[in-house]
Amino acid sequence: MLYREAGQFKTNYVADSAIFPLREDRIGIGLIILAAYALAFLGNSFLLQAVMIPFLVFSLASIGLNILTGYTGLLSLGTGAFMGVGAYACYKLMTAFPGVNVIVWIFVSGFFSAGIGALFGLPSLRIKGFYLAVATLAAQFFLQWCFIRIPWLVNYNVSGALDAPLRTLFGVPIMGPNATPQVRYLVVLTIVILLTWLASNLVHGRIGRMWIAIRDMDLAAELMGIRPLQTKLLAFAVSSYYCGVAGALLVFLWYGGAEYDVFNINQSFFILFMVIIGGLGSLIGSFFGAALIFILPIVLGIVLPAVMSPFGITVGSDVIEHLRFMIVGALIIFFLIVEPHGLARLWQIGKQKLLAWPFPY
Amino acid sequence: MDILYKVFIEPFVFMGEAPDLLIQTLWEGLVSGVLYALIALGFVLIFKASGVFNFAQGIMVVFSALTLVGLYEKGVPAFLALILAVLVMLVLAIVVERVVLRPLVNQPDIILFMATFGLTYFLIGFGELIFGGNPKEMITDALFLPQGTTELDMLGGMVRFQHLDIAAAVIASIMIALLAVFFSKTRVGRALRAVADSHKAALSVGISLNQIWVIVWFAAGIVALVAGIMWGARSGVSFSLQVIALKALPVLILGGFTSIPGAIIGGLIIGIGEKLGEFYWGPLVGGGVETWLAYVIALLFLLYRPQGLFGEKIIERI
């Protein structure tokens with residue numbers, strides 16, 4: 001009843017091309033952001049540390065892959081490695097220049113990832129589809145090998161692992177062992193909101209339309225004057241930038257330290273699944289996908305033992321892990337068959353229904 | 001200059017000085033190449049007949065081997081377990097056709113490709129749930145696979161041939177020959193080739209696409225089982241085999257997606273190239289190059305000949 005577009009007229013081009021044309025949508029998104037910030041003060045540290053921070057980090061990585069796979073139609077299996085480049089670059093930068101604020105380095109580290117991504121995106125000019133997927137596998141395995149074999153990347157420390165040094169912002173520790181989940185959550189949330197806003201402007205603007213044109217029909221796009229070389233490489237660079245920042249956040253603001261193994265091929269696959277389930281070519285879908293794939297096993301871990309225990313069956317954590325794989329696999333097939341546009345499409349349908357409710361004619 | 005010497009001269013000098021080591025390396029490359037080819041063959045079979053790039057082939061290798069070993073551990077006699085494993089692959093083929101392929105007819109290739117990702121994860125979870133995630137030993141004795149080694153005096157040194165490797169090479173060759181006969185001589189094989197050429201034309205002469213897909217997935221399942229037994233005997237049955245199976249992708253790129261001889265030759269090139277690279281050039285960069293060398297070879301290859309050595313058509317490029 002409250003959700004109506006009646007009476008809201010678009011009188012100029014700016015209003016017509018707005019991302020949230022409805023007043024209710026604008027209020028809604030404002031409320032969601034407000035609630036997200038409020039959660040930092042209301043939620044307990046388990047919720048923030050084990051659910052919300054990783055959810056936001058994976059959402060950011062999904063947005064990155066979605067720009068490449070969903071908007072530009074180039075399949076990549078190297079997401080994990082590109083995240084790794086961001087994390088290692090951030091580590092090198094902040095240990096080499098401890099004087100500069102670490103937030104700056106988190107944003108800058110994405111550019112290293114973007115450069116490497118564009119380099120491995122070069123084959124995309126000649127090949128596409130499965131062939132490109134194999135080319136990005138080369139990036140995945142080669143970069144992971146670099147993480148193991150080049151001790152310079154971890155400043156020659158013996159364990160070969162990345163660790164988060166103590167860093168502060170306005171005198172409050174945001175990184176390292178003393179940083180509270182609350183502060184880290186606020187930092188991650190702010191970065192993710194900022195980058196999502198940027199991505200939203202990118203994909204709705206000229207650049208985004210170029211990507212979509214290349215995805216839908218590259219030949220026609222080229223005839224219209226879109227240069228495939230620059231467009232595809234830009235997609236690779238922007239996508240890798242997002243993945244790189246997500247990787248830096250993952251290691252330094254979530255785990256607090258990690259080894260090369262975090263960035264293995266399974267990480268790449270899981271982010272791809274988030275994108276598929278959330279919806280190819282949809283930013284909000286990236287959040288839905290990350291939520292479903294990441295939060296599902298946590299929910300399963302709580303619900304399954306509770307349901308099974310009355311029957312005398314104890315469910316171990318390994319069974320839950322296996323069930324997670326099965327359910328994720330089945331969900332992917334289910335979504336591809338029933339709703340190839342993913343959760344984002346369901347969201348749209350829901351909104352449409354709500355607009356017409358209670359008189360859907 | 002020193003680095004150039006180390007890259008371009010020293011390895012070859014070393015090869016000339018110790019030909020027995022070279023032969024040993026070549027032999028190991030050959031065997032792993034044959035096994036890569038066997039995995040790649042499963043991909044080619046399905047790709048030819050249904051145009052689906054089956055990412056799940058790697059996990060089918062693990063899953064079939066796991067079924068065999070898991071059944072044996074539960075007390076089923078080895079050969080009965082083998083037959084049951086074959087039956088499981090048949091059931092899998094029927095279920096995949098019904099549940100995954102049929103509803104996705106006429107979807108873009110990339111959607112089907114992603115559906116096989118889903119299948120991969122489902123099978124990983126399913127396999128681990130039933131048989132447990134621990135690595136298992138392949139039942140080499142019970143299947144009468146030979147063990148032990150032969151050492152031959154050759155070129156001033158000893159070269160070791162594992163009997164298992166010889167058996168693997170022989171069985172893989174027989175398998176490939178059987179498939180070649182199956183494709184060219186039998187009625188079903190001809191139907192498969194017809195489907196590969198054109199789905200519509202095949203339908204119009206009365207070939208049932210659904211049946212063909214079941215047959216082809218079943219054939220790929222059997223190839224997977226053989227590959228699983230051989231790889232399992234060499235390095236144990238565990239889900240890490242899946243990463244080895246990913247190596248079949250560069251093999252396919254080298255050989256072309258639609259060519260059976262291409263899969264074999266691509267497998268040999270990757271297998272031998274990888275072992276030579278690891279043994280002679282690997283130490284220069286700290287070793288472990290085996291994990292990515294195959295992909296980089298494929299990547300370089302793609303830039304010059306995107307359709308592969310024996311690929312049928314030039315892929316669209318822009």
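No value in this document is a laboratory result; all are computed from the given coordinates. Keep in mind that this is a model prediction, so the values were computed, not measured. So basically every Cβ, Gly included, is an ideal-geometry build from the backbone, and we count neighbours across all protein chains shown.
For this structure, a couple of remarks:
- Note: relative contact order over chain B, using C-alpha pairs below 8 Å and six or more positions apart, is 33 percent.
- Nitroxide proxy distance, nm - points 7 Å out along Cα→Cβ at residue B:129 and residue A:298: 2.3 nm
- Full extension of the chain between residue A:266 and residue A:122 yields a length gain of 49.5 nm, computed as 0.36 nm times the residue separation minus the alpha carbon distance.
- Computed FRET value (nearest 0.05) for residue B:284 with residue B:20, which takes r as the C-beta separation and R₀ as 30 Å: 0.85
- Magnitude of the charge dipole, the stretch A:22-263, Cβ model with Lys/Arg +1 and Asp/Glu -1, debye to 20: 380 debye
- Taken along the Cα-to-beta-carbon direction at a fixed 7 Å, the label points for residue A:193 and residue A:19 span 1.3 nm.
- Rounded to the nearest 20 debye, the dipole size of the stretch B:2-304 about its Cα centre is 1380 debye, using +1 on the Cβ of Lys and Arg and -1 on the Cβ of Asp and Glu.
- Shape category assigned to the stretch A:89-201 from the gyration tensor of Cα positions, a/c cut at 1.5: oblate
- Across all directions, the average flat footprint of the convex hull enclosing the Cα atoms of chain B is 18.7 nm².
- Value of Rg to Rh for the protein assembly as shown (Rh from inverse mean 1/r over Cα pairs, i.e. Kirkwood): 0.98
- Placed amide H near residue B:136: partners under 5 Å, 5+ positions off or other chain: B:237, B:238
- Remark: spin-label model distance residue A:150-residue B:188 equals 5.2 nm, labels positioned 7 Å along the Cα→Cβ axis.
- Signed unit charges on C-beta, dipole axis of the stretch A:1-118, positive-most listed residue A:48, A:100, A:110: A:100
- Only the Cβ atoms of Lys and Arg (+1) and of Asp and Glu (-1) were treated as charged; on that basis the dipole of the protein assembly as shown about its Cα centre amounts to roughly 1960 debye.
- Phi angles across the stretch A:39-55 convert, under the Karplus curve 6.51 cos²θ - 1.76 cosθ + 1.60 with θ = phi - 60°, into 3J(HN,Hα) values of 4, 4, 9, 9, x, 7, 6, 5, 4, 5, 6, 9, 10, 6, 4, x, 4 Hz, Gly and Pro given as x.
- Footprinting exposure proxy for A:214, B:110 (fewest neighbouring C-beta atoms within 10 Å first): B:110, A:214
- In order along the stretch A:209-215, phi translates into HN-Hα couplings of 5, 5, 4, 5, 4, 5, 5 Hz, rounded to whole numbers, per the Karplus curve 6.51 cos²θ - 1.76 cosθ + 1.60 with θ = phi - 60° and x for Gly and Pro.
- Hz values of 3J(HN,Hα) by residue in the stretch A:350-359 - Karplus curve (6.51, -1.76, 1.60), Gly and Pro given as x: x, 5, 4, 4, 5, 4, 8, 5, x, 10
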